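The structure appears below as structure tokens.
The values are calculated or read from the model by the stated rules, or taken from the named source; none is laboratory data. This one's a predicted model, so the numbers in the text were calculated from it and none came from an experiment. Positions of Cβ are backbone-derived with ideal geometry, glycine not excepted, and every protein chain shown enters the neighbour counts. Just the protein is used for accessible areas: all its heavy atoms, side chains included, with ligands, DNA and RNA removed. Shrake-Rupley method; radii C 1.70, N 1.55, O 1.52, S 1.80 Å.
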Amino acid sequence: MTLAEIIKRTCKKLGENNKPTYVVMAIATVKGICRPTFTMMDKTENPETKKYTALREGLTEVIAIPAYWACGEAAGALAKKVFKDKALAGRAEKNLMFIGVCAAALVVIPALCSVAIKPFMDAIGLKSPEDKKQKPKAPSQIQPVYNPANIIPHKNKFPQMYSFTNRPQTGLKVGGL
């Protein structure tokens, strides 16, 4: 058997049993391998950011592959139960598999990723670059705004108002730079 015959047989077999679920799972597998690889090859990005992004992309596809399979096969099984005619069931199965795969991509995979990836990344000790940035410290003391009406006690019916200032503070600095 020649190489051309093997390729011809393989293509014929794939064409006869071509389910939408298989196609999408193949694409997700390639994305799960290539996207993290290309992310790690980026020489301009910070190494910590590359690790976080590559792992997140890989985990997304690890979640996506079984989700595509489960949603596609569940939708296909539904078609077999609903349609008793063999000719209609075959077409309906492929169409419902396609709809199941689309539902997985639009709803199921984003939901699973939002539930699973963040806790997993926290468990292994990887934080997103945004989480690593320190949040600005709150001012230790808020200075009251000078208001002459607040000095006269009998006219002060409201509590003294405080506000933030956007100008730099000058003078003695205690305990810091």
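Please work out if Glu57 is out of contact with any Ser or Thr (no Cβ under 6 Å at 6 or more places or on another chain) and either closer than 15 Å to Cys102 by Cα or modelled with pLDDT of 95 or more (or both). No; evaluated as a whole, the condition is false for this residue. No other residue among Val108, Val101 is open to solvent by less than 30 Å² (accessible area, probe 1.4 Å) and of a type in the set (Val, Ile, Thr) apart from Val101. Within segment 34-48, the set of residues being assigned to a helix (DSSP H, G or I) and surrounded by 12 or more Cβ atoms within 10 Å (Cβ to Cβ) comprises Cys34, Arg35, Pro36, Thr37, Thr39, Met40, Glu48.
Give all pairs with beta carbons closer than 9 Å in which a residue from segment 1-20 that is over 24 Å from Ala70 (Cβ atoms) and free of Cβ contacts under 8 Å to residues at least 60 places away in the same chain meets a residue that is among the basic types (Lys, Arg) and part of a helix (DSSP H, G or I); count only pairs at least 6 apart in sequence or on separate chains. Close Cβ pairs (under 9 Å, with a partner that is among the basic types (Lys, Arg) and part of a helix (DSSP H, G or I)) amount to Met1/Arg9. Given the structure, is Leu106 closer than 15 Å to Ile63 by Cβ and not in a loop (DSSP other than H, G, I, E, B)? Taking the combined requirement at face value, the residue satisfies it. Exactly one residue out of Ala79, Ala54, Ala70, Ala28 is open to solvent by 40 Å² or more (accessible area, probe 1.4 Å) and either assigned to a helix (DSSP H, G or I) or over 25 Å from Ala111 (Cβ atoms) (or both), and it is Ala70. Between Lys31, Lys19, the distinction of being over 20 Å from the mean Cα position of the chain (by Cα), closer than 30 Å to Leu96 by Cβ and not hydroxyl-bearing (Ser, Thr, Tyr) belongs to Lys19 only. For Gly90, the conditions (1) at pLDDT 85 or above; (2) open to solvent by 30 Å² or more (accessible area, probe 1.4 Å) are fulfilled apart from (1).
Every listed requirement among (1) of a type in the set (S, T, N, Q); (2) in contact (Cβ under 8 Å) with a residue 40 or more places away in the chain; (3) open to solvent by 80 Å² or more (accessible area, probe 1.4 Å) is met by Thr60 save one, (3). Just to be sure, is Ile117 β-branched (Val, Ile, Thr), closer than 25 Å to Ala28 by Cα, at pLDDT below 95 and assigned to a helix (DSSP H, G or I)? So Ile117 fits the description; yes. The residue list Pro20, Pro47 contains one member that is of a type outside the set (S, T, N, Q) and within 30 Å of Asp122 (Cβ to Cβ), which is Pro47. A search for C-beta distances below 9 Å between a residue of segment 89-108 that is more than 12 Å from Glu73 (Cα to Cα) and any residue that is part of a helix (DSSP H, G or I) and among the hydroxyl-bearing types (Ser, Thr, Tyr), counting only pairs 6+ apart in sequence or on different chains, returns Ala105/Tyr68; Val108/Tyr68.
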